[in-house]
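Take a look at the structure set out below.
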Amino acid sequence: MAVEGRTHKPVVDIERCSFCAACMDACPAEIMPEMRQEIDSMRGKIFSDKDMQVHLKEEDTLPLPKCQNACPISQDVRGYVRLIARKKYKEALELIRAANPLPSICGYVCHHPCESACVRGNLDDALSIRSLKRFAADFAPLSLTPVKPVASINKKVSIIGSGPSGLAAAYDLARKGYKVEIIESYHRPGGLPAWAIPAFRLPREILERDIDFIRQTGVDIRTGIEFGKDITLSDLEKTGTDAIIIATGTRKGLKLELENEGEYQGYWECLQFLRSIADGMNIEPGRQVIVVGGGNAAMDSARSALKQGAVKVTLIYRRGPQEIPADREEVKAALDEGVDIRFFTMPLKFISQDNVITGLHCAKTELGDPDGQGRRTPIQVKGSEIIIPADIIISAVGQKADHDSIKNGLGLKGKDFLQDADILTANLPKIFTAGDFAIGSSTVVEAMADGKKAAVKVHEYLSGLK
Ligand SMILES: Cc1cc2nc3c(=O)[nH]c(=O)nc-3n(C[C@H](O)[C@H](O)[C@H](O)COP(=O)(O)OP(=O)(O)OC[C@H]3O[C@@H](n4cnc5c(N)ncnc54)[C@H](O)[C@@H]3O)c2cc1C
């Protein structure tokens, strides 16, 4: 913030201001009334808030601070970091929870776009915003009183899927006063954070803390029920459901597209692998494991295999270190723990004996022209083939939504317009979609943001606003 003179009226230079608010704390004149220690101090009398001038054109609005602007749910980072600095941990957590029902989960695994945008990074390093959130959630959880709904609305919303998007939608709708139930097929709520993100990255008691808080707002979470198999749209309608949000994520693994994929003993699709480990499976010690892929799911599979006693874990990725989609800290953790990451390597063929995996035939790649999404296409380098020995091969090249169970549940035999939210709503007005199911595989905070959007749409629909 640029201030013109110490004894003159403070003026924000919009071109130079990064809205970090550090000036407010530093200014001896305590220009911002809400920042004053003593409201009636002489300093407070020097300037009133009306003296605060911002050079803005009439049509412009004050931009958000860069960290807040980068956050898909627009968390007031400045606000809660400042409260933490003043040791007001409970207030910090309350401020976080105003927009974010999963502060503990985010404190552990959020991909923190706020930190990439943090203006402090221009000087030295970005603030460790995710760690600060984790600290607030760890330090103050028990002192918080549950959020009470602002009203009581005699309408019921059923949400299918208890991942971050379903939970965020449920939290916002329950706070408005709707009766909200969540139907979840897995035996515990939380979505991928409960059964795919390994417990060594996200301890289960942390996850349960957030979910308990959401339950306390009145959300009824029913687990072990598969929509499309155990329950359908007409069953829900019979119980008085007025609107449904499909928030079932992307639980179907994409294929490596290799011959006879899935037919060999030792082949795993990564979500099945991680889910089995979450359910207590152990792989035999001494196994050699290959993971194919470069996202967080690939890193989690590789690290889980190592922690399970695999003697060697090799991760192969078709592009280079610059292109790898996993968070930088996950790649570093995998390398530090001993995962052998081989960049510019692609799989060609499973090697097996009596239908049991014994290795993977691979080749080196180089990057060609950009594809439709602007990513350079990996091209096989002729004569570079190698065989990597393996007992287990895990495919972790992405996921897609499972439309079959939803079509069954909605009675949409033969029709596939689930991908297009507008057509879906035009055909089935009370059905809404949210999270990875609607936007494709994303992140916890992006899925939450989409869940919150779905809650707004449901509210508009049920209150007759749209
Ligand atoms: C291994 C792995 C690691 C990841 N690591 C990170 C990370 O570090 N940071 C980050 O921000 N993001 C990470 N992600 C991505 C993040 O977890 C997802 O983007 C997010 O969970 C999506 O939320 P969602 O609510 O849309 O769906 P999900 O979390 O997928 O939840 C959907 C829920 O719906 C349930 N369901 C599905 N079908 C039915 C049905 N027919 N009936 C009833 N229930 C059903 C599923 O069991 C699931 O619990 C990771 C993803 C994976 C796979």
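The values are calculated or read from the model by the stated rules, or taken from the named source; none is laboratory data. Predicted model only: the values in this text are computed from it and were never measured. Note: ideal-geometry Cβ built from the backbone for every residue, glycine included; neighbour counts use all protein chains shown.
Summary of computed values
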{"read-out": "Test: residue in the range 365-378 that is at pLDDT 95 or above, under 24 Å from LYS252 (Cα atoms), buried (at least 19 other Cβ atoms within 10 Å of the Cβ) and touching a strand residue (DSSP E or B) at 6+ places or on another chain (Cβ under 6 Å)", "value": "no"}
{"read-out": "Members of the range 366-379 that are within 10 Å of ARG319 (Cα to Cα) and under 31 Å from the mean Cα position of the chain (by Cα)", "value": "LEU367, ARG375, ARG376, THR377, PRO378"}
{"read-out": "Count - residues of the range 256-301 that are within 29 Å of the chain's Cα centre (by Cα) and either at positive phi or away from the ligand (no atom under 16 Å from the Cβ) (or both)", "value": "9"}
{"read-out": "Meets criteria (crowded, with 19+ Cβ neighbours inside 10 Å, outside the structural domain of GLY295 (by TED's automatic domain parsing) and among the aliphatic types (A, V, I, L, M)) for ALA199", "value": "no"}
{"read-out": "Residue ID - farthest from ALA454 (Cα to Cα), chosen from residues in the range 217-251 that are in contact with a helix residue (DSSP H, G or I) (Cβ under 6 Å, 6 or more places away or on another chain) and of a type in the set (S, T, N, Q)", "value": "THR232"}
{"read-out": "Residue within the range 258-266 that is surrounded by fewer than 22 Cβ atoms within 10 Å (Cβ to Cβ), aliphatic (A, V, I, L, M) and free of Cβ contacts under 8 Å to residues at least 40 places away in the same chain present", "value": "no"}
{"read-out": "Number of the condition not met by LEU202 [criteria: (1) more than 16 Å from the ligand (Cβ to nearest atom); (2) closer than 30 Å to SER131 by Cβ; (3) not aromatic (Phe, Trp, Tyr)]", "value": "(1)"}
{"read-out": "For GLU259: the one exception among (1) at pLDDT below 95; (2) outside the structural domain of LYS452 (by TED's automatic domain parsing); (3) closer than 22 Å to GLY190 by Cα", "value": "(3)"}
{"read-out": "Residue satisfying all of: in the range 307-330; surrounded by 20 or more Cβ atoms within 10 Å (Cβ to Cβ) and within 16 Å of the ligand (Cβ to nearest atom); farthest from GLN373 (Cα to Cα) among these", "value": "VAL313"}
{"read-out": "Residue under evaluation ARG188, criteria (1) touching a His at 6+ places or on another chain (Cβ under 9 Å); (2) within 12 Å of the ligand (Cβ to nearest atom), criterion not met", "value": "(1)"}
{"read-out": "Number of the condition not met by ALA333 [criteria: (1) in contact (Cβ under 8 Å) with a residue 12 or more places away in the chain; (2) over 15 Å from GLY286 (Cα atoms); (3) aliphatic (A, V, I, L, M); (4) surrounded by fewer than 16 Cβ atoms within 10 Å (Cβ to Cβ)]", "value": "(4)"}
{"read-out": "Residue in the range 235-254 that is surrounded by the most Cβ atoms within 10 Å (Cβ to Cβ), counting only those that are more than 16 Å from the ligand (Cβ to nearest atom) and not hydrophobic (A, V, I, L, M, F, W, C)", "value": "ASP242"}
{"read-out": "Residue tally, condition within 14 Å of ASP172 (Cβ to Cβ), touching a residue at least 24 places away in the same chain (Cβ under 8 Å) and within 16 Å of the ligand (Cβ to nearest atom), over the range 422-466", "value": "13"}
{"read-out": "Pairs, first more than 15 Å from GLY280 (Cβ to Cβ) and in the same structural domain as TYR267 (by TED's automatic domain parsing) in the range 301-314, second among the small types (Gly, Ala, Ser) and at pLDDT 95 or above, C-beta under 6 Å, six or more apart", "value": "SER301/ALA396; ALA302/ALA334; ARG303/ALA334; VAL313/ALA302; VAL313/ALA305"}
{"read-out": "Evaluation of LEU127 against (1) touching a residue at least 12 places away in the same chain (Cβ under 8 Å); (2) over 22 Å from GLY166 (Cα atoms); (3) in a helix (DSSP H, G or I); (4) not polar (S, T, N, Q) (one fails), failing number", "value": "(3)"}
{"read-out": "Any chance ALA390 is in the same structural domain as ASP235 (by TED's automatic domain parsing) and either surrounded by fewer than 15 Cβ atoms within 10 Å (Cβ to Cβ) or modelled with pLDDT of 95 or more (or both)", "value": "no"}
